[in-house]
Amino acid sequence: MMRSLIIASFLLRLLLIPLDLYRSTDFEVHRNWLAITHSLPLSRWYFEETSQWTLDYPPVFAYFEWLLSQFAAAVDPAMLRVDNLEYASQATVVFQRLSVILGDLVLVAGAWQLGSLRLAGNDRWLPVAVLLCNSGLLIVDHIHFQYNGMMLGLLLLSVADIERGRTYRGAFLFCVLLSMKQIFLYVAPVYFVFLLRGHCGCSLLPYPKILWNQLFRLGAMVVLSFAAMWGPVLIAGGSAAGFQLLQRLFPFGRGLTHAYWAPNIWALYNTADRVLAKLGFGSQSGQSSTAGMAEVYESSALWTVPPKATFILTLLAYYPLLAAIWRQTKPAGASTLTKISASSSGAFGLYVALGSAIAFGFGWHVHEKAILMVTVPLAVVAAGSNSQALVSATTAVSAVATFSIMPLLPDRPMETAAKWFLFLAGHLIEHFLLQRRFRSRPAATPSGDVAAASGSSLLSSIGLGPLLPGWLVALGYVVLGLYRDFGGHKLLLGGRLEFLPLLLTSDFSALLVLFSFLRVFWLIPQESSAEA
């Protein structure tokens, strides 16, 4: 059955191409990057500004675009002209859509490798089927248009290698990932603390100790990897290319939140600011956070949060996770010079998901799509977990993640039908797959919880305990969905308060997302002990 689902998921991806659904500006972004890397010398890649969609990903992704452009030249050379802005011939659309589908093969490999650590036989296909049916990935990559599946597949391959004790290859793959998209800095603290403890043997008690040989070898590999990947661009463009790269990769001239607020703490903060402003507090002038712009804006009533403040807050929020990693990870010793002990590595995928969650919850200018960095590794961990609580928490955060990114697609009949079909069908399939192992078990768990042993209902899985039971969360999806996507706002308010549907979606989703993240965090001791 799982293999049939996998085949069906690829057929669905192919079917979406002739439907010619919405393509975001990211489609033109990547077409322009194909043109830049194919038509211009390496020294000019990060200086080209004919289009407003300048190259702002690290060098390895630029090399990937260059590689794609070699095939694109045989399909439609016109797409590779830098001055051919907004070009979207049928051949161009099909080529770029197929490139995303082929990129999902990396996602398959990553899910298979990481899932194989905990599953055997046909069950090893379970995480692959779960991810290929992931509604959020289908909406963001195969309608909206991006390459998240490919890069998240690399993340899973890196996590799998580290969990297997292949530390150097896992660390190298993470270096590749950082050199493809800077957003993966979100989880760099997890890698750093885990490898410092588990591979380099760092400990503080009863006296400070570290395996210097391990640290030197790992550090040298990381430095040489970055030198090999970033060196060609820096050599070709000189020191000016280095400064240009930094400006492109870290544009702090943008605002605290994106044009559409990601469901995190800052969505709630912005709402509080707007409510206070409406009540007469603070200034009523200046650029509003609800104006649909991504630039810097001044808060009306509350403090205008600078980038440094979000950085400090993110570090503070990260501390409990890093402390838990330090406690749960056994320091490498003389008997484990080249491999992290199995009891330490089993929860690494969960740590990575939670690291992404913290950065998503508190980071500067977070995009709503970044929640996939949480849900994808979390889904693979849940697929191989014996914890019903983790599976339920994963189901809850995955559902709200998809609901929160649905506004990326416009309110047109085909797109509305597509995103609601994917939301409902995708999460029913996900719930069925993740609960499959529990339904086949004996009628009792070690704790004596009979209901958990036989699986849980979809409603109970998406709930957040007594305060937010599943039926109430589901009712929220229905009511807000009708208001946002099926004419409710226009019926009630006409053309007034156009940003209100997005604001309500962000705030509703933010509450569910943040509580779900906390719910997963409390499961760290359980998951770590289960892997020991």
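The values are calculated or read from the model by the stated rules, or taken from the named source; none is laboratory data. These numbers come from a predicted model, not from an experiment. Every residue, glycine among them, receives a Cβ derived from its backbone with ideal geometry; neighbour counts consider all protein chains shown. In case anyone asks, the SASA skips ligands and DNA or RNA and just uses the protein heavy atoms, side chains included. Shrake-Rupley method; radii C 1.70, N 1.55, O 1.52, S 1.80 Å.
Results, tabulated for the structure shown:
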item	result
Scan of segment 162-182 for residues that are touching a residue at least 40 places away in the same chain (Cβ under 8 Å) and in a helix (DSSP H, G or I), ordered by number	I162, E163, T167, Y168, A171, F172, C175, V176, L178, Q182
The listed residue being open to solvent by less than 40 Å² (accessible area, probe 1.4 Å) and under 18 Å from A353 (Cα atoms), out of L177, L185	L177
Residue list for segment 250-276, restricted to those being at pLDDT 90 or above and either more than 28 Å from P410 (Cα to Cα) or open to solvent by less than 10 Å² (accessible area, probe 1.4 Å) (or both)	A262, P263, N264, A267, N270, D273, L276
Unmet criterion (only one of (1) among the acidic types (D, E); (2) open to solvent by 50 Å² or more (accessible area, probe 1.4 Å); (3) under 24 Å from the mean Cα position of the chain (by Cα)) for D83	(3)
First in segment 469-485 and without any contact (Cβ under 8 Å) to a residue 24 or more places away in the chain, second anywhere and buried (at least 18 other Cβ atoms within 10 Å of the Cβ) and among the small types (G, A, S), Cβ under 7 Å, 6 or more apart	P469/G463; G470/S461; G470/G463
Segment 1-38, subset among the polar types (S, T, N, Q) and surrounded by fewer than 17 Cβ atoms within 10 Å (Cβ to Cβ), residue farthest from L68 (Cα to Cα)	S4
Whichever residue in segment 419-428 is open to solvent by less than 20 Å² (accessible area, probe 1.4 Å) and either touching a strand residue (DSSP E or B) at 6+ places or on another chain (Cβ under 9 Å) or hydrophobic (A, V, I, L, M, F, W, C) (or both) and, among such residues, is farthest from Y477 (Cα to Cα)	L422
In segment 49-75, residue nearest to M229 (Cα to Cα) [restricted to those that are open to solvent by less than 20 Å² (accessible area, probe 1.4 Å) and not small (G, A, S)]	P59
Any hit, segment 100-119, residues being open to solvent by 10 Å² or more (accessible area, probe 1.4 Å) and touching a His at 6+ places or on another chain (Cβ under 9 Å)	yes
For C200: the one exception among (1) in a helix (DSSP H, G or I); (2) more than 22 Å from the chain's Cα centre (by Cα)	(1)
Within segment 463-486, considering residues that are open to solvent by 30 Å² or more (accessible area, probe 1.4 Å) and outside any helix (DSSP H, G or I), the one nearest to E415 (Cα to Cα)	F486
R23 being in a helix (DSSP H, G or I) and among the basic types (K, R)	no
